[in-house]
1. Hey, any idea what % of the range 157-218's accessible area is carbon plus sulfur with a 1.4 Å probe?
2. In terms of solvent-accessible area of protein heavy atoms at a 1.4 angstrom probe, what is the ranking of 66, 162, highest value first?
3. Probe 1.4 Å, all protein chains in place: accessible area of residue 185 in Å², nearest 10?
4. Net charge near residue 142: determine it from the other residues with C-beta under 12 Å of the C-beta of residue 142, scoring Lys and Arg +1 and Asp and Glu -1.
5. So between residue 221 and residue 44, what do we pick up on full extension, going 0.36 nm a residue minus the alpha carbon distance?
6. Any idea what diffusion coefficient the range 159-250 gets from Stokes-Einstein, in µm²/s, Kirkwood Rh on alpha carbon pairs, 10 °C, 1.306 mPa s?
7. Hey, if we sort 37, 210 by accessible area with the 1.4 Å probe, largest down, what's the order?
8. Would you kindly derive the ³J(HN,Hα) couplings of the range 59-66 from the backbone phi angles with the Karplus curve 6.51 cos²θ - 1.76 cosθ + 1.60 (θ = phi - 60°), listing them in order in whole Hz, with x for Gly and Pro?
Amino acid sequence: MPAALSPPTRDSLFASTRWTVVYRAADSETSSEHALSALSELCQIYWRPVYLFLRRQGIGPHDAQDLTQSFFAALIEDRTHARADKIKGRFRSFLLGTLKHFLAHAREHDRAQKRGGGAVPVQLDETALSEADAHAARCQNWSADGVFEREWAASLLRQSLDRLAREYEVAGKGALFEALKAHIKAGANAAVSYAEMAKRLGRAATTLRSDVARLRARYRAILREEVSGTVIDARDIDQELHHLREAMAA
């Protein structure tokens, strides 16, 4: 019998907050290896908003790729960046502000030519880069800040969906997740009908409706957890969720 789905523990949630990752990397007592690991995680999640911001600044694909990798490497090497703007408490604002500061001084430090001085947190996937470039071409009328904000929101949504998929996989319900994921967004027109899914999965349509309700509720909970990891003050969570919805609707 498949294991029941269970939410992450409180400790695991706090251990994975983005600010905790930055503070840990900025701590002078943290080893270089741990700092690299911590910020590699951030690069994996947030490279698209950074890369597309750079592309909208008129920077070519290859230079933007170099600068994206160098930016995350700079967060590792120059730990003073990670101490900045703690009071403001929003990781979204911190990352964009730090990126702008980095870009303004990129030529001075000659980072782009080094690909992070050999400390590249993650190799950017060529397929993902091609997809990002195609998206950049569709955003010609957007400001660089607007592209960053939308891609930031999209990154949180992807991260939440990936977490949900892993939970279902661990519970032995990966096939059910794949069948239902198109229904996560309420009123999704492209989703397969419940009647057709019932035939395909051998599961009653009424049961599938309950499955989708649970899927949506868990997705919303995970998204809230992901957003909570990007702020210091819990009172900012609802405002950040509102900002995310506005960014995706733009």
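The values are calculated or read from the model by the stated rules, or taken from the named source; none is laboratory data. None of the values given here were measured: they were computed from a predicted structure. Don't worry about glycine lacking a Cβ; one is built from the backbone with ideal geometry, like all the others, and counts go over all protein chains shown. To get the accessible areas, we keep the full protein, side chains included, count just its heavy atoms, and leave off ligands, DNA and RNA. Shrake-Rupley method; radii C 1.70, N 1.55, O 1.52, S 1.80 Å.
1. On the way: 1950 of 3620 Å².
Within the range 157-218, the accessible surface is 54 percent carbon and sulfur.
2. 162, 66
3. 150 Å²
4. On the way: positive: 55, 56, 138, 150; negative: 145, 149, 151.
Neighbour charge sum, excluding residue 142 itself: +1.
5. Numbers: separation 177, 0.36 × 177 = 63.72 nm, distance 2.19 nm.
Between residue 221 and residue 44, full extension yields an extra 61.5 nm.
6. Working: Rh = 14.5 Å.
The estimated diffusion coefficient comes to 109 µm²/s.
7. On the way: 37 75, 210 55 Å².
Putting 37, 210 in descending order of accessible area: 37, 210.
8. With coefficients 6.51, -1.76 and 1.60, one gets 7, x, x, 5, 5, 5, 5, 4 Hz.
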